[in-house]
Structures are given as C-alpha cells and as structure tokens.
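Q: Could you have a look at this structure, given as structure tokens, before my questions?
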Amino acid sequence: MKSAYELAMERLGGSRSYTNGQKQQMAEIDRKYEARLAEARLRAEDHFRKLGPVTAETADQEKTIRENLARDVTKLEQKREAEKEAVRAGRT
C-alpha cells in the first residue's frame, strides 16, 4: 500500500532530478536575485531614513515606499522563478 505522499508524487509527476550543471545554474540565479532583493530593501530603508519619523504628512510617502518595495520584490521573484524554470526545462 502506498503512502499519501507517494500517491501525490505520482499524480504530480514525481520528483525531478537535475544535473549538477542545472543545480549550479539555479544556485547562481538564486544568488543573483538575493543580491537584487537586498539592494531593493536597502534602497527602501534609505528612503525611510531620509523620510524621518512617520507623521501625518509623511504617511503617504511611507505607503508609496512600501508599495514600491512590494512591487519590486514581486517582480524580482517572478523573474527569478522564470529563469529557474528555463533551466529546469533545459532552455539555457
């Protein structure tokens, strides 16, 4: 009798095994995008520092900074996943 995990893996196509080259490429993609994400967060922190304490006047600016950071993080995560998917599919 198969476990629930084994049944789910069969339905999903099982686990994939990647070549060492693919693993290295995906690790490099992760490093690249972790650096870009860190840069985006540092930029946002710098904007917050320049903004100073949150007041009624600066609340809108703070909200804009947070929205921009969220948008940037989402875009970078999508790009990272697209690049990794290309490696998984052997398109690189």
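Please treat every number below as a calculation from the coordinates, not as lab data. Fair warning: this is a prediction, and the values are worked out from it, not measured in the lab. We place every Cβ from the backbone using ideal geometry, glycine too, and count neighbours over all the protein chains shown.
Q: What's the FRET efficiency of Glu28 with Lys75 using the Cβ-Cβ distance as r and R₀ = 22 Å, to the nearest 0.05?
A: Efficiency at R0 = 22 Å is approximately 0.70.
Q: If you line up the long axis of helix 59-88 against the longest principal axis of the chain, both from Cα atoms, how many degrees apart are they, to the nearest 10?
A: With both axes taken from Cα atoms, the answer is about 20 degrees.
Q: Calculated FRET efficiency, Ala86 and Ala56, Cβ-Cβ r, R0 41 Å, to nearest 0.05?
A: Between Ala86 and Ala56 the formula returns 0.30.
Q: Let me ask something additional. Could you calculate the contour length gain from Asn68 to Leu42, that is, 0.36 nm times the residue separation minus the distance between their Cα atoms, to one decimal place in nm?
A: Values: separation 26, 0.36 × 26 = 9.36 nm, distance 1.27 nm.
Full-extension gain reported as 8.1 nm.
Q: Just want to confirm a number: the relative contact order over the stretch 31-92, from Cα pairs under 8 angstrom separated by 6+ residues, in percent.
A: Details: 20 pairs, mean separation 26.0, N = 62.
Over the stretch 31-92, the number comes to 42 percent.
Q: Among Ala56, Ala4, Asn68, which residue has its Cα positioned farthest towards the positive end of the charge dipole of the chain, with +1 placed on the Cβ of Lys and Arg, -1 on the Cβ of Asp and Glu, and the dipole taken about the Cα centre?
A: Farthest towards the positive end: Ala4.
Q: Give the order of Val87, Val73, Val54 when sorted by the count of other beta carbons within 10 angstrom, beginning with the fewest.
A: In order of increasing Cβ crowding within 10 Å: Val54, Val73, Val87.
Q: If Lys and Arg each add +1 and Asp and Glu each add -1, what is the summed charge of the other residues whose beta carbon sits under 12 Å from the beta carbon of Ala82?
A: Residues near Ala82 contribute +2 overall.
Q: From the list (i) 1.63; (ii) 1.09; (iii) 1.41, can you say which value of Cα Rg over 2.2 N^0.38 Å was derived from the structure given?
A: (i)
Q: In degrees from 0 to 90, rounded to the nearest 10, what is the angle of the helix 20-51 Cα long axis to the longest principal axis of the chain?
A: The angle comes out near 10 degrees.
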